[in-house]
Amino acid sequence: MNYRIILYTLGWVLNIEAVCMLVPLAGAVVFGEAYIPVYILCAIICLAFGVPLTLKSPKNTGMYAREGLVTVSLSWIVISIFGALPFVITGYIPNFIDALFETVSGFTTTGATVLSDIEALPKSLLLWRSFTHWIGGMGVLVFLVAILPLCGGKNMHLLRAESTGPSVSKLVPKVGSSAKILYGIYTFLTVLQVVLLVAGKMPFFEALTTAFGTAGTGGFAVKNSSIAEYSPYIQNVVSVFMIIFGIDFTVYYLILMRKFKEAFSSEEARVYLAIIAVSTVVVAFNCYGMYSSVGENLTHSLFQVSSVITTTGFTTKDFDKWPQLSTTILTMIMFVGACAGSTGGGMKVSRILILVKSMFKEIRDAIRPNSIHKIKFSGRTVEPEVIKTVNGYAAAYVAVFAVSLLLVSLDNFNFTTNFTAVAATINNVGPGLAGVGPASNFAGYGTLSTLVLIFDMLVGRLEVFPMLVLLSAHTWHK
């Protein structure tokens, strides 16, 4: 285990977080708040731990699979611990575990909260809260790789450990260049959404924080009612961009390179859009008569379907009060999630497709054992190693989910609350149903359950294995 390169990378993560503290600091200056010293202190604390670790570059810059998985896990834990400081020091979330829950929820783009009155927070803290979504959306280490030549430029294990989906590929030969391209697309789409929201007469601060939450598919809003009080235009713009950020960013790169045939041949994107379309229509029919017009019904149906499948978590209505069929559909697509290579959470459409195709392959093999059946995905044969990885992921996912559900059940909540609390955190969705529905929060859980749900959010964002590798005794053996 190359501990020196791990510590060196963690040091740079903290240095970058110190720079990120300039965002809420700027907010405090602009809004004339008294919290300027708080963000300066938080930045100094980050630098106090980060700078000593980065003063000298390690001689051995080798980072292999084990180091990559451990580094990614520790980076997300460390950035969340230090990112919780503004909440604790300002006194708005004095309990550190609750503050850590809020920050992990931000960086993992979950959007679950322990706050009951979001509007009571100062704007600078709301800005930090939403900005954590934007940082975590594309990935903490993707950003680091984009600006720093870590590990001698050999960063593929970092990207692979942090990326979402069953496989990860480089857009261009150099990993750092791939990361820059991803962040370029990410930034452009974020700015475009801000412009369109401001054009709809949304105040700039609210447009910026909403765009941060949409881009990272996180869902932290600056209003207690989330997006409910805004106009249908604003709600539809947010719906469209939630869908956009739920698509594999490779598709956008291919479009930029004018490789339209490749871009539009993505089976995952087509199925993802089909699920959204079908789910929206079914939910709209099921909710028929609940709203004053067909247009309003479609707006809310599309918004909530898009919000849940992309695991963003914004709301325009309390869908916990919708008919049983609608809440069942929303719960099911919560597990499906967005596309691999997007900022969305969940199991990912690609994994679900491979699992379903594997099931049908087993049925065909049982009927015709002498025939050779291959699994195709986007016109290509899926390698056995990928299928094995997807099956392993599914098994680990179910195991973590089951254990988490048992542990949170120690708190005296009903099954729906506990089940959707685990589902909403491990899939990085945010709101669940019943006691953790859109009109509620996660403040009622005890310390153990809160820590379990924090773990689930990290497991969901890092795709299970990095966190399990971190906890494995075999990882630390020579």
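Each value in this text was obtained by applying a stated rule to the coordinates, not by laboratory testing. Values in this document were obtained by computation on a predicted structure and should not be read as measured data. For neighbour counting, all protein chains shown are included, and Cβ atoms are generated from backbone atoms with ideal geometry for every residue, glycine included.
Selection of the stretch 345-370 for residues being touching a helix residue (DSSP H, G or I) at 6+ places or on another chain (Cβ under 7 Å) and in a loop (DSSP other than H, G, I, E, B) yields G345, G346, M347. Residues that are touching a residue at least 40 places away in the same chain (Cβ under 8 Å) and among the basic types (K, R) within the stretch 332-357 comprise K348, R351, listed in sequence order.
Residues that are more than 17 Å from the chain's Cα centre (by Cα) and either without any contact (Cβ under 8 Å) to a residue 24 or more places away in the chain or closer than 18 Å to L115 by Cβ (or both) within the stretch 209-237 comprise V222, K223, N224, S225, S226, I227, A228, E229, listed in sequence order.
Within the stretch 238-267, the set of residues being over 24 Å from the mean Cα position of the chain (by Cα) and either crowded, with 19+ Cβ neighbours inside 10 Å or hydroxyl-bearing (S, T, Y) (or both) comprises S265 only. For the stretch 194-221, the set of residues classified as within 19 Å of F245 (Cα to Cα) and outside any helix (DSSP H, G or I) consists of G216, T217, G218, G219, F220, A221, listed by residue number.
Applying the set (1) without any contact (Cβ under 8 Å) to a residue 40 or more places away in the chain; (2) under 30 Å from E267 (Cα atoms); (3) hydrophobic (A, V, I, L, M, F, W, C) to L405 leaves exactly one unmet item: (2). Just one of the listed residues (I93, I77) is in a loop (DSSP other than H, G, I, E, B) and either touching a strand residue (DSSP E or B) at 6+ places or on another chain (Cβ under 8 Å) or under 23 Å from T109 (Cβ atoms) (or both), and it is I93. Name every residue in the stretch 222-277 that is part of a loop (DSSP other than H, G, I, E, B), closer than 25 Å to M347 by Cα and charged (D, E, K, R), in order of residue number. If the condition is that a residue be part of a loop (DSSP other than H, G, I, E, B), closer than 25 Å to M347 by Cα and charged (D, E, K, R), then D248 is the only one that fits. Which residues, taken from the stretch 307-329, are within 17 Å of V278 (Cα to Cα), in contact (Cβ under 8 Å) with a residue 12 or more places away in the chain and either β-branched (V, I, T) or crowded, with 24+ Cβ neighbours inside 10 Å (or both)? Residues satisfying the conditions are S307, V308, I309, T310, T327, I329.
Within the stretch 334-353, the set of residues being buried (at least 24 other Cβ atoms within 10 Å of the Cβ) and among the β-branched types (V, I, T) comprises T343, V349.
Just one residue in the set V278, V271 is surrounded by fewer than 23 Cβ atoms within 10 Å (Cβ to Cβ), under 27 Å from T425 (Cβ atoms) and without any contact (Cβ under 8 Å) to a residue 24 or more places away in the chain; that residue is V278.
Of all residues in the stretch 433-478, those satisfying the criterion of being without any contact (Cβ under 8 Å) to a residue 24 or more places away in the chain and buried (at least 17 other Cβ atoms within 10 Å of the Cβ) are G435, S440. The requirement of being of a type in the set (S, T, Y), over 23 Å from S105 (Cβ atoms) and surrounded by fewer than 24 Cβ atoms within 10 Å (Cβ to Cβ) is fulfilled nowhere in the stretch 221-230; no residue meets it. Just one residue in the set T299, T389 is in contact with a Pro (Cβ under 9 Å, 6 or more places away or on another chain), part of a helix (DSSP H, G or I) and within 23 Å of P232 (Cβ to Cβ); that residue is T299.
Being under 22 Å from A179 (Cβ atoms), in contact (Cβ under 8 Å) with a residue 12 or more places away in the chain and outside any loop (DSSP other than H, G, I, E, B) is a property that V142 has. Is it the case that G137 is assigned to a helix (DSSP H, G or I), in contact (Cβ under 8 Å) with a residue 24 or more places away in the chain and among the small types (G, A, S)? Spelling it out, G137 is indeed assigned to a helix (DSSP H, G or I), in contact (Cβ under 8 Å) with a residue 24 or more places away in the chain and among the small types (G, A, S).
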